[in-house]
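A.B. asks: Encoded as structure tokens, here's the structure I'll be asking about.
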Amino acid sequence: MGWIVHKFGGTSVADARCIDTVASIVTGTGDGNSAVVVSAMRGMTDQLLGLIDRAVAREPFADTLAEIEARYTATVGELLDGERAETVLAAFAKDISDIHSVLKALSLVGAASPRSRALVAGFGELWSARLLTATLDRRLGGRRQVVFVDARKVLVIEAGEMGPIVVWDETRPKLAQVLPADFAGIAVITGFIASDREGLPTTLGRNGSDYSASIFGALLSADEVNIWTDVDGVMSGDPRRVPEATVIPRISYNEAMELAYFGAKVIHPQTMAPAIAHRIPIRIRNTFNLDHPGTTIAARSADDNGAVKGISGVDGVALINLEGAGMIGVPGTADRLFGALREAGVSVMLISQGSSEHSICFAVPESSADRVRKVVERAFSVELEQGQVQRIGVTRGCGILAVVGDGMAGAPGTAGRFFRTLGHSGINVIAIAQGASERNISAVISAKDMTRALRAVHSSFYLSAKTVAIGVIGPGLVGGALLAQLAEASARLREKFNLDLRVRAIGSSRKMLLGEPRIDLAKWKERFDDAEPMQLDAFVDHVDTDYLPHAVLIDCTASQDIAEKYRGWLERGIHVITPNKRAHSGPIAYYEELKRLTRAANVYFLYEATVGAGLPVIQTLKDLVETGDEIENISGIFSGTLAYLFNVFDGKRPFSEIVREARARGYTEPDPRDDLSGMDVARKAVILAREAGLPLELEQIEVESLVPPALANASVDEFLDRLADFDAPMAARVEASARAGTVLRYVAEVDVRGGTARVRLQSFPKDHPFANISLTDNIVQFVTKRYCDNPLIVRGPGAGPDVTAAGIFADLLRLCSMLSGNQD
Ligand code: ADP
Ligand code: ASP
Ligand code: MG
């Protein structure tokens, strides 16, 4: 009869309910033979090893032992009764008394040999296997044979350089004794434990039950090995660190091995060897979600899944660097180094050598760093003394981040994207290694950056949507329009571009609404009424959660206070997008500080909507400057309000009436003097000047205000009432202009060459581009070295919440494409 192996990890046998679930899975798997390999109950092995440490340190251990007893006894009580319970508990009581004796002896000696550790650590597997055997027997009521197999009586292993090796010749006959060829039924086998050649108890190493399962799979020539655990399968990243990770349906043995080696705890790396040798497929399945098909690990992976299959990370790594001019061109240095390490039994996790041969660096578990340093010092003592080797550097607190996938071989650009993403996330790469198989690219980084790095790299490889956390400050007209546009576009962006724009916080000066994992944009308005009081620090922390790779704050206010926060945000690595002109037109020192920050750190600061709303003004100017053009002059109409007023004002109706009408239509600020003073236009002129390389301050701009000085301090109503008193001079100007065949326009002009800028009412011939704009259009004209005879003109609607919001949205998408490390 054919065999299927099922292995249940500690999480699957954590308590009585779990064990009951396991029993029902096993009894439901059909009539074939099942080998059920079990781990210790969750946490049990740790607790047993903890007991040894306490005994060795001569600390009391009775409490922990009592805890173990209570837990097991209670679990047995929930699952069994009568004779079955008694038998299981009697065996357990004997084990506890043995453990007690061993611990007492260890505390007298004050030390524990690896053998005593292995003996005590292995009891957890015996207990869960006995309990499961009895539970299955109870369920089946004799309908099928259920036997308990103590793997120490079967499995013989010896220590190998790369971990335990099975002594097949000794193991096979022993197995045939407990499971003869005509066996039919269920064998419950202890995971993790085995015997050495002397017949003494040993283990397969931490998390070794997976390895046990595939060893028994090979011994029994099983059709399949099922590893049952608490996740749906092998995921593209550790779900506890990468919440966006998804299940990989099919991967190759090699891919699984690399992922496991670099920290994907879901499967033990050595599990693969026996399975590969016997071509047994391994399936990872979820004990608690039977509907999920899980992951199949087999010789070939599915090739439809992109180059990168998964990302994993190990912490607790130290990097050792051997450096010296005397090593250049000297053959055998690496050989000596790794020979010495091998002799000392140190396993090296990663090696990297520059082609100059000036240094070799390698990664080892942090716990062995001191020992390794001594080994290397000893091996190169002569060279150190003579100065051929200058330094043995040890960097602790590192981790290894690895991207894995068979399809990476021959797929150019994978490494590029990997490192670009790390760079964009501000993560420093200390060392790099790529195996010749190209199945794995690894980077050594600081362990404290690991979670952030995993998330950023994960999202950049399309394993999950590219996710950006967003906070919107100022949900007024423009902010509100932006939220509406985001709500409408989000499904499409997700589907088409795999882009997940998550608005996590919306805040006004008084209130803030926070959402986990996001705010439902269809309902934010209703919920905003009952939102909590605004606390800017909490708001920013909520957006900048370390569980998402990128955060952006969008400032839709016109507030000076908020603009002053940008520096802190950028320093923290939060991107900033804004239509608020304050930061760019305020003191130049602050502006330059912000620019410096965006160059030094990998953060972006985008502000297209500060000038011309959604029109591509800033971007156009940036492109000109960056491609080496020289800007000579920038002029234009930068105020939708003033554009409208002078489009309509032809002298037939008084100017004051037109202002009133524009205000009623919502084309002006509530106080029209904010527009008429020209200060808004002047701020835009400053922004453009600075962008073109001219370091102007707002005060240096010559501004012609259209507010009569006598009305500067009046109330709004009074101003509107009395504006008519000043209609005469305006009428005179428009008539004079008309007589000359020209029209009046309120324009800004930045003379980049001359270093000056002014804002004023000016006459233009009727065929001038500035004379031919409609309604609230903005127009900007760039005269440059390239565009000299025929200037470059950007023109179009330049005011209103929707177009301004669209400008911000465009910045947001630009940000996403820069962040995702793609050129596309
Ligand atoms: P068991 O007790 O069943 O052996 P483990 O705790 O040893 O379970 O392994 C399962 C855990 O491995 C999961 O709960 C998950 O947190 C972790 N893990 C790490 N990396 C991955 C990954 N790439 N895919 C799935 N799980 C992973
Ligand atoms: N119980 C052992 C451990 O915790 C083996 C395993 O669970 O795989 O390491
Ligand atoms: Mg495990």
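The values are calculated or read from the model by the stated rules, or taken from the named source; none is laboratory data. Remember, it's a predicted structure, so these values are computed and weren't measured experimentally. Counting neighbours? That spans all protein chains shown, and the Cβs are built from the backbone with ideal geometry, glycine included. Accessible surface is based on the protein model in full, side chains and every heavy atom, while ligands, DNA and RNA are left aside. Shrake-Rupley method; radii C 1.70, N 1.55, O 1.52, S 1.80 Å.
A.B. asks: Enumerate the residues in the stretch 464-486 having an amide nitrogen under 20 Å from the point lying 7 Å beyond the Cα of Met534 toward its Cβ.
C.D. replies: Once the point is set 7 Å along Cα→Cβ of Met534, 470-484 turn out to lie under 20 Å by backbone N, inside the stretch 464-486.
A.B. asks: Continuing with this model, one more query. Going by alpha carbons, how many degrees (0 to 90, nearest 10) lie between the helix axis of 44-56 and the longest principal axis of the chain?
C.D. replies: 70 degrees
A.B. asks: Over the stretch 467-514, with the other protein chains present, what is the accessible area per residue in square angstrom, probe 1.4 angstrom? Could the numbers behind the result be given before it?
C.D. replies: Values: 1950 Å² over 48 residues.
Each residue of the stretch 467-514 exposes 41 Å² on average to a 1.4 Å probe.
A.B. asks: Measuring with a 1.4 Å probe in the full set of protein chains, what accessible area per residue, in whole Å², belongs to the stretch 39-157?
C.D. replies: Heavy-atom SASA per residue in the stretch 39-157 reads 46 Å².
A.B. asks: Counting heavy atoms of the protein chains only and a 1.4 Å probe, report the per residue accessible area for the stretch 665-767 as a whole number of Å². Write out the running numbers ahead of the final one.
C.D. replies: Numbers: 4930 Å² over 103 residues.
Heavy-atom accessible area per residue stands at 48 Å².
A.B. asks: Another question about this same structure. May I ask you to give the percent of accessible area on the stretch 1-55 that is carbon plus sulfur, with a probe radius of 1.4 Å?
C.D. replies: On the way: 780 of 1760 Å².
Using a 1.4 Å probe with all protein chains present, the stretch 1-55 comes out at 44 percent carbon and sulfur.
A.B. asks: Stretched out fully, how many nm does the piece from Ala710 to Glu592 gain, at 0.36 nm a residue minus the Cα gap? List each step's numbers first, then the result.
C.D. replies: On the way: separation 118, 0.36 × 118 = 42.48 nm, distance 3.74 nm.
So the chain would gain 38.7 nm between Ala710 and Glu592.
A.B. asks: Still on this structure: Quantify, in whole percent, the carbon and sulfur part of the accessible surface of the stretch 353-484 (1.4 Å probe; protein heavy atoms only). Could the numbers behind the result be given before it?
C.D. replies: On the way: 2610 of 5130 Å².
Carbon-and-sulfur percentage of accessible area, whole number: 51.
A.B. asks: I would also like to ask the following. Listed highest first by mean packing, meaning other Cβ atoms within 10 Å per residue, what order do 229-240, 714-725 come in?
C.D. replies: On the way: 229-240: 21.4, 714-725: 14.4.
Those peptides, ordered most packed to least, come out 229-240, 714-725.
A.B. asks: Grab the beta carbon distance between Phe288 and Ala90, set R0 = 25 Å, and tell me the FRET efficiency rounded to 0.05.
C.D. replies: Details: r = 32 Å, r/R0 = 1.27.
Result of the calculation: an efficiency of 0.20.
A.B. asks: Can you pull a Stokes-Einstein diffusion coefficient for the chain at 20 °C (1.002 mPa s), Rh from Kirkwood over Cα pairs, as a whole number of µm²/s?
C.D. replies: Details: Rh = 32.1 Å.
Diffusion coefficient, whole number: 67 µm²/s.
A.B. asks: List the lysines whose Cα sits under 26 Å from the Cα of Lys511, skipping any in the same chain fewer than 8 residues away.
C.D. replies: Leaving aside lysines fewer than 8 places away in the same chain, those within reach of Lys511 are Lys523, Lys525, Lys565, Lys581.
A.B. asks: Cut-off under 19 Å on the C-alpha distance; same-chain residues fewer than 8 positions from Lys785 excluded. Which lysines are left, in chain and number order?
C.D. replies: Those lysines meeting the cut-off are Lys622.
A.B. asks: Hey, any idea what % of the stretch 194-243's accessible area is carbon plus sulfur with a 1.4 Å probe? Write down the numbers at each step before the final one.
C.D. replies: On the way: 700 of 1690 Å².
It is 41 percent, rounded to a whole number.
A.B. asks: I need the calculated FRET efficiency for the pair Arg722 and Ala522, taking r as the beta carbon distance and R₀ as 41 Å, to the nearest 0.05.
C.D. replies: Values: r = 47 Å, r/R0 = 1.14.
Calculated value: 0.30.
A.B. asks: A further question follows. Taking 0.36 nm per residue of separation and subtracting the Cα-Cα distance, what length does fully extending Thr742 through Cys788 add?
C.D. replies: Details: separation 46, 0.36 × 46 = 16.56 nm, distance 2.37 nm.
Result: 14.2 nm gained on full extension.
A.B. asks: Further question on the same structure: Return the whole-Å distance between the Cα centroid of the stretch 411-451 and the Cα centroid of the stretch 86-150.
C.D. replies: Each part's Cα centre sits 44 Å from the other's.
A.B. asks: I would also like to ask the following. Taking the Cα centroid of the stretch 587-666 and of the stretch 704-763, what is the distance between the two, rounded to the nearest whole Å?
C.D. replies: 19 Å
A.B. asks: Once amide H atoms are built 1.01 Å from N in the peptide plane, which residues 5 or more positions from Thr784, or in another chain, come under 5 Å H to H?
C.D. replies: Result for Thr784 returns Glu632, Leu792.
A.B. asks: Taking the mean number of other Cβ atoms within 10 Å as a proxy for protection, how do you rank 277-283, 570-576 from highest to lowest?
C.D. replies: Details: 277-283: 17.0, 570-576: 19.9.
Put in order of decreasing packing, that is 570-576, 277-283.
A.B. asks: Can you spot the aspartates and glutamates whose alpha carbon is less than 15 Å from Lys265's alpha carbon? Ignore those fewer than 8 places along the same chain.
C.D. replies: Asp210, Asp230, Asp232, Asp238, Glu255, Asp315
A.B. asks: For the chain, find the longest principal axis of its Cα atoms and tell me its angle to the long axis of helix 82-109, 0 to 90°, nearest 10.
C.D. replies: 80 degrees
A.B. asks: Within 12 Å, Cβ to Cβ, of Glu532, how many net charges do the neighbouring residues add up to if Lys/Arg are +1 and Asp/Glu are -1?
C.D. replies: On the way: positive: Arg510, Lys511, Arg527; negative: Asp529, Asp530.
That works out to +1.
A.B. asks: Continuing with this model, one more query. Suppose R0 equals 41 Å. What FRET efficiency, 1/(1 + (r/R0)^6) with r the Cβ-Cβ distance, do Ser97 and Arg279 give to the nearest 0.05? List each step's numbers first, then the result.
C.D. replies: Values: r = 45 Å, r/R0 = 1.11.
Taking R0 as 41 Å, the efficiency between Ser97 and Arg279 is 0.35.
A.B. asks: Continuing with this model, one more query. Could you give me the ³J(HN,Hα) list for the stretch 59-64, computed from phi with Karplus coefficients 6.51, -1.76, 1.60 and θ = phi - 60°, whole Hz, x at Gly and Pro?
C.D. replies: 9, x, 10, 4, 4, 5
A.B. asks: Kindly provide the helix-only [θ] at 222 nm of the chain, computed as the sum of -39,500 (n - 2.57) over DSSP H runs of four or more divided by all residues, to the nearest 500 deg cm²/dmol?
C.D. replies: Values: 30 runs with 330 residues, N = 824.
Mean residue ellipticity, 222 nm, calculated: -12000 deg cm²/dmol.
A.B. asks: Give the peptides 319-327, 665-673 in descending order of average Cβ contacts within 10 Å, highest first.
C.D. replies: Numbers: 319-327: 19.6, 665-673: 16.2.
Answer by packing, highest mean first, reads 319-327, 665-673.
A.B. asks: With labels modelled as points extended 7 Å from the Cα through the Cβ direction, what inter-label distance (nm, one decimal) is found for Ala732 paired with Val109?
C.D. replies: Taking the two extended label points, one gets 11.1 nm.
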